[in-house]
């Protein structure tokens, strides 16, 4: 992608080549959110790397899938942190474990990252505890270090659970992100960072803080009913007042019934009419995540037809694929451009 080209392109100047977004790096091959995962994603062809961002007790922007740490770090084996285990309400349900907001950045630095889905990705466990927890600033620096004029690498930062800090107003997500991007000189619309979240409130606040010339933004849309209003014609027009793209799950684009793809929605076309690009999440190669007709064999961890789902989405005109296997997306996009 040329250095002057933005991630998000208005329909009148839409790129013929969709972008590849390494979801948490390349977690099909390395534990997610590690330097090794991000480096590999770039090597495999990703133009963007996608960290999830949570907040530490002392206000550091830390890269983890969610604030609960036991799935993706070795915290459970660390006796010095045994007393930090607690139960909190997350998404209206109790969650027991260790939470980033109860640790300082210095304490989080002592933890090792581990494979979050060892049953499906057993080979990745060979990398357990070999890499530490990164900050958002470190991921941005990694991307900058790998960028060239011919091939810029950008960071698509997902702001996770911004509402957790409501009980700790000294740690507001939008304010911390704004301050950090300004410190890193990363606030431009065509700069190294794009922001996304499921929470429209935090994106709106960031737009207000950073202005119309601030970073591009992606409104993520979940499958739950709360997301339904966002994908109506009126909802998409509303999103376009503060964001340049939507990020729906693939299930909002390709309909499923009992794990069979039964048809497609008109969401991509409707989003384009509202001057929004569409970045679809999350493509994974294991049978456990694929529709039945694309699976190969019965083992959940075996790889199926990883390109089949990507091809279907590309045929519908999506502008980018958020994927655990960037190499598969690169191949599918290459096929699209060769036709």
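Within the set of pairs 6+ apart or on separate chains, which have a first residue in segment 43-70 that is without any contact (Cβ under 8 Å) to a residue 24 or more places away in the chain, a second that is surrounded by 22 or more Cβ atoms within 10 Å (Cβ to Cβ) and outside any strand (DSSP E or B), and C-beta atoms under 9 Å apart?
From residues that are without any contact (Cβ under 8 Å) to a residue 24 or more places away in the chain, the pairs are 43/26; 43/326.
Look at residue 247 and say whether it is out of contact with any helix residue (DSSP H, G or I) (no Cβ under 9 Å at 6 or more places or on another chain), crowded, with 18+ Cβ neighbours inside 10 Å and either part of a strand (DSSP E or B) or touching a residue at least 12 places away in the same chain (Cβ under 8 Å) (or both).
For residue 247, the condition - out of contact with any helix residue (DSSP H, G or I) (no Cβ under 9 Å at 6 or more places or on another chain), crowded, with 18+ Cβ neighbours inside 10 Å and either part of a strand (DSSP E or B) or touching a residue at least 12 places away in the same chain (Cβ under 8 Å) (or both) - is met.
For residue 208, all conditions in the list (1) assigned to a helix (DSSP H, G or I); (2) closer than 24 Å to residue 273 by Cα; (3) out of contact with any helix residue (DSSP H, G or I) (no Cβ under 6 Å at 6 or more places or on another chain); (4) at pLDDT 95 or above hold save one; what is the number of the exception?
Of the numbered conditions (1) assigned to a helix (DSSP H, G or I); (2) closer than 24 Å to residue 273 by Cα; (3) out of contact with any helix residue (DSSP H, G or I) (no Cβ under 6 Å at 6 or more places or on another chain); (4) at pLDDT 95 or above, the odd one out for residue 208 is (2).
Going by what's in this entry, would residue 7 be described as over 30 Å from residue 287 (Cβ atoms) and either modelled with pLDDT of 95 or more or touching a helix residue (DSSP H, G or I) at 6+ places or on another chain (Cβ under 7 Å) (or both)?
no
Can you confirm whether residue 60 is surrounded by 18 or more Cβ atoms within 10 Å (Cβ to Cβ) and either touching a helix residue (DSSP H, G or I) at 6+ places or on another chain (Cβ under 6 Å) or at pLDDT 95 or above (or both)? Lay out the reasoning, then the answer.
Working: surrounded by 18 or more Cβ atoms within 10 Å (Cβ to Cβ): yes; either touching a helix residue (DSSP H, G or I) at 6+ places or on another chain (Cβ under 6 Å) or at pLDDT 95 or above (or both): yes.
So residue 60 passes the test.
One line per residue, one yes/no per condition, for (1) modelled with pLDDT under 95; (2) surrounded by 16 or more Cβ atoms within 10 Å (Cβ to Cβ); (3) in contact with a strand residue (DSSP E or B) (Cβ under 7 Å, 6 or more places away or on another chain); (4) outside any helix (DSSP H, G or I):
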position	(1), (2), (3), (4)
140	no, yes, yes, no
155	no, yes, yes, yes
164	yes, yes, no, no
169	yes, no, no, yes
179	no, no, no, no
189	no, yes, no, yes
219	no, yes, yes, yes
226	yes, no, no, no
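Restricting to segment 313-331, name every residue that is buried (at least 24 other Cβ atoms within 10 Å of the Cβ) and either without any contact (Cβ under 8 Å) to a residue 60 or more places away in the chain or in a helix (DSSP H, G or I) (or both).
Selection gives 326, 328, 329.
Is it the case that some residue within segment 269-276 is outside any loop (DSSP other than H, G, I, E, B) and closer than 22 Å to residue 324 by Cβ?
Scanning segment 269-276 turns up no residue that is outside any loop (DSSP other than H, G, I, E, B) and closer than 22 Å to residue 324 by Cβ.
Looking at (1) closer than 21 Å to residue 49 by Cβ; (2) out of contact with any strand residue (DSSP E or B) (no Cβ under 8 Å at 6 or more places or on another chain); (3) part of a helix (DSSP H, G or I), which is the only condition residue 203 fails?
Evaluating residue 203 over (1) closer than 21 Å to residue 49 by Cβ; (2) out of contact with any strand residue (DSSP E or B) (no Cβ under 8 Å at 6 or more places or on another chain); (3) part of a helix (DSSP H, G or I) leaves (2) as the failure.
Could you list, in sequence order, the residues of segment 91-111 that are exposed (fewer than 15 other Cβ atoms within 10 Å of the Cβ) and part of a helix (DSSP H, G or I)?
106
Which one of 274, 310, 306, 288 is buried (at least 22 other Cβ atoms within 10 Å of the Cβ) and either touching a residue at least 60 places away in the same chain (Cβ under 8 Å) or under 30 Å from residue 233 (Cβ atoms) (or both)?
310
The values are calculated or read from the model by the stated rules, or taken from the named source; none is laboratory data. Source: prediction; values computed, not measured. Note: ideal-geometry Cβ built from the backbone for every residue, glycine included; neighbour counts use all protein chains shown.
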